[in-house]
């Protein structure tokens with residue numbers, strides 16, 4: 001088999017995905033909101049050429065929305081993909097498991113956390129390296145929660161940060 005025929009075989013085996021006209025992007029994105037989970041999974045098969053992952057509806061919707069736009073407008077340029085991969089290698093040494101773990105679950109510096117406890121409003125300001133409460137620095141939200149309540153608390157739970165995505 002010559003080099004040219006190998007290329008033709010490889011091209012013939014590559015899956016083809018439907019071209020999406022740009023005029024159909026907005027209606028298709030809107031339709032994702034009302035589609036059933038079964039319909040979302042069928043669209044996944046059509047647009048990705050694989051079985052859908054066992055993730056929640058919101059994940060399927062967001063990935064399908066991206067894929068629809070990618071097929072209509074084009075994806076990332078190869079140079080940008082390569083640059084992102086290189087940055088990922090620098091951050092985690094190529095360990096894809098580490099890429100899925102958020103390194104820092106702290107709120108952004110400048111965020112004000114407000115909690116009412118026993119009828120008193122408590123305000124904490126997130127700083128770059130610590131937290132400020134009543135004009136004093138604290139190393140953790142748990143230390144502040146302990147100061148306020150007199151008992152041990154998980155600081156993220158006390159200030160309502162637990163249970164939200166990314167926290």
Subject >> Label-zone membership for the stretch 60-96, site residue 30, 7 angstrom Cα→C-beta point, backbone N under 18 Å >> reply: 65-66, 68-69
Original post:
Once fully extended, how much extra length lies between residue 70 and residue 84, figured as 0.36 nm per residue of separation less the alpha-carbon to alpha-carbon distance?
Top reply: 3.3 nm
Subject >> Inter-label distance, nm, simple model (7 Å from Cα along the C-beta direction), residue 130/residue 152 >> reply: 2.3 nm
Original post:
Can you give me the Cα centroid spacing of the stretch 118-142 and the stretch 81-95 in angstrom?
Top reply: 35 Å
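Mind checking the full-extension length gain between residue 23 and residue 50? Use 0.36 nm per residue of separation minus the Cα-Cα distance, one decimal, nm.
7.2 nm
Throughout, read-outs are computed from the coordinates displayed, never taken from laboratory work. What you are looking at is a predicted structure, and each value in this text was computed from that prediction instead of being measured. Because the Cβ atoms are built from the backbone with ideal geometry, glycine has one as well, and the counts that use them run over all protein chains shown.
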